[in-house]
Amino acid sequence: MTSKADIALLDGFERALMNGRLHMVYQPKVACETGEVERVEALVRWDDPKHGTVAPSRFVPLAERHGLIDPLTQWGLRTTLRQWLEWRRQGLDTCIAFNISALSLQHLDFPDLVERMCRALEVPTDRLVLELTEGATQPLVKLMDTLTRFRIKGIGLAMDDFGTGYSSLLQLLQLPFTEIKIDRVFIRDLPRSKDSCVIVKTAIDLAHGLDLTVTAEGVETIEQLTLLRQLGCDVVQGYLVAQPLEAGELVPWASRHKRRWKMLVKPPEEPRLRRHVEANALR
């Protein structure tokens, strides 16, 4: 049963969606070896005058339960693809990652819809990666055809929050992913926790054995970055690299990031200076 609070929140969200009061922020992901911007993850945000800042973990499930996930997904994709065009005009040509709901994949024509949106805006399909949470993929084995059609169209598929579900290996075997994202819970204790180190190394080796790209989420310290580079991780994402940025902040950030990457991979030995480098990575 939907509570009165949820009904009020749902009403506010529907109004925000229909009246253009949602917005996107974008978090960069960079190559471990070179620091190059590999892709940018689009994240939807809702700041409401009545409800304040509402987390996606609150409004996305409501959208899924009450038939609003399709318009939300289409709005988000269209907004992100248009923003990609603006970044390209400014000289930044990167890939974009967008989170999708398992419910969207139940529509057999969803891959065709996404392809039409890309074509209409002249965005190459190989610049788009769709991210699915591992929990969301558990009932999706029957949707192999839908996911395969994305791959045929050149669109990448990433398993988000890898390692937090119950059937990761089966999903990797049965579904046509191109990337896994190691959940931040395993990155958080690196390099202090031996168990976390073993799990992360195993996940990286497994993914590479399956010709998948590996992204580490939630990277916040130079020590974590250093170990991930040693373990052969491909891409890192987290506050050490950048917090989620407004669309207009990405290109200036990318210019500054080129200069700061060398400081991140070869930081000062003195602890106080190392903390200074980490803090300034966000600016």
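The values are calculated or read from the model by the stated rules, or taken from the named source; none is laboratory data. In this text, all values refer to a predicted model and were calculated from it rather than measured experimentally. Reconstructed Cβ throughout: ideal geometry from the backbone, glycine too, with neighbour counts over all protein chains shown. For accessibility, only protein heavy atoms count, side chains too; no ligands or nucleic acids. Shrake-Rupley method; radii C 1.70, N 1.55, O 1.52, S 1.80 Å.
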(request) Examine region 181-191 for a residue that is closer than 16 Å to Val235 by Cα, under 20 Å from the mean Cα position of the chain (by Cα) and among the β-branched types (Val, Ile, Thr), and state whether such a residue exists. (result) yes
(request) Return yes or no: is Gly76 of a type outside the set (S, T, N, Q) and open to solvent by 60 Å² or more (accessible area, probe 1.4 Å)? (result) no
(request) Scan region 27-43 and give yes if some residue there is without any contact (Cβ under 8 Å) to a residue 24 or more places away in the chain, open to solvent by 70 Å² or more (accessible area, probe 1.4 Å) and under 24 Å from Met117 (Cβ atoms), otherwise no. (result) no
(request) Among the residues of region 49-63, write down those that are open to solvent by 30 Å² or more (accessible area, probe 1.4 Å) and under 19 Å from the mean Cα position of the chain (by Cα). (result) Ala55, Pro56, Ser57, Arg58, Val60, Pro61
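Return the residue satisfying two criteria in turn: it lies in region 89-101 and is among the hydrophobic types (A, V, I, L, M, F, W, C) and open to solvent by 10 Å² or more (accessible area, probe 1.4 Å), and of such residues it is farthest from Leu169 (Cα to Cα). Walk me through it before giving the result.
Kept after step one, since they are among the hydrophobic types (A, V, I, L, M, F, W, C), are these residues of region 89-101: 92, 95-98, 100.
Pick out the ones that are also open to solvent by 10 Å² or more (accessible area, probe 1.4 Å) and you get 92, 95, 98, 100.
Details: Leu92: 35, Cys95: 26, Phe98: 23, Ile100: 21 Å.
For region 89-101, the residue satisfying everything is Leu92.
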(message) Residue under question is Thr202, and the condition is that it be assigned to a helix (DSSP H, G or I) and without any contact (Cβ under 8 Å) to a residue 24 or more places away in the chain; does it hold?
(response) yes
(request) Could you grab me the full set of residues in region 94-109 that are touching a Lys or Arg at 6+ places or on another chain (Cβ under 7 Å) and hydrophobic (A, V, I, L, M, F, W, C)? (result) Cys95, Ile96, Ala97
(message) Exactly one of these conditions fails for Asp145: (1) out of contact with any Lys or Arg (no Cβ under 9 Å at 6 or more places or on another chain); (2) open to solvent by 60 Å² or more (accessible area, probe 1.4 Å); (3) modelled with pLDDT of 95 or more. Give me its number.
(response) (3)
(request) Only residues that are within 22 Å of the chain's Cα centre (by Cα) and polar (S, T, N, Q): list them for region 12-27, please. (result) Gln27
(message) Going by what's in this entry, would Gly76 be described as under 28 Å from Gly154 (Cα atoms), touching a strand residue (DSSP E or B) at 6+ places or on another chain (Cβ under 8 Å), free of Cβ contacts under 8 Å to residues at least 60 places away in the same chain and not polar (S, T, N, Q)?
(response) yes
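A quick yes/no check of all residues on (1) farther than 23 Å from Leu143 by Cα; (2) open to solvent by less than 10 Å² (accessible area, probe 1.4 Å):
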| position | (1), (2) |
| --- | --- |
| Thr80 | yes, yes |
| Gln83 | yes, no |
| Trp87 | yes, yes |
| Leu103 | no, no |
| Leu128 | no, yes |
(request) Output the number of residues of region 123-142 satisfying the condition of being modelled with pLDDT under 95 and assigned to a loop (DSSP other than H, G, I, E, B). (result) 3
(request) Give Ala207, Ala247 a once-over and let me know the one that is open to solvent by less than 10 Å² (accessible area, probe 1.4 Å) and either touching a residue at least 60 places away in the same chain (Cβ under 8 Å) or under 18 Å from the mean Cα position of the chain (by Cα) (or both). (result) Ala207
(request) Find all pairs meeting these conditions: Cβ atoms under 6 angstrom apart; at least six residues apart or on different chains; first residue within region 104-120 and within 12 Å of Leu130 (Cβ to Cβ); second residue of a type in the set (D, E, K, R) and assigned to a helix (DSSP H, G or I). (result) Pro111/Arg149
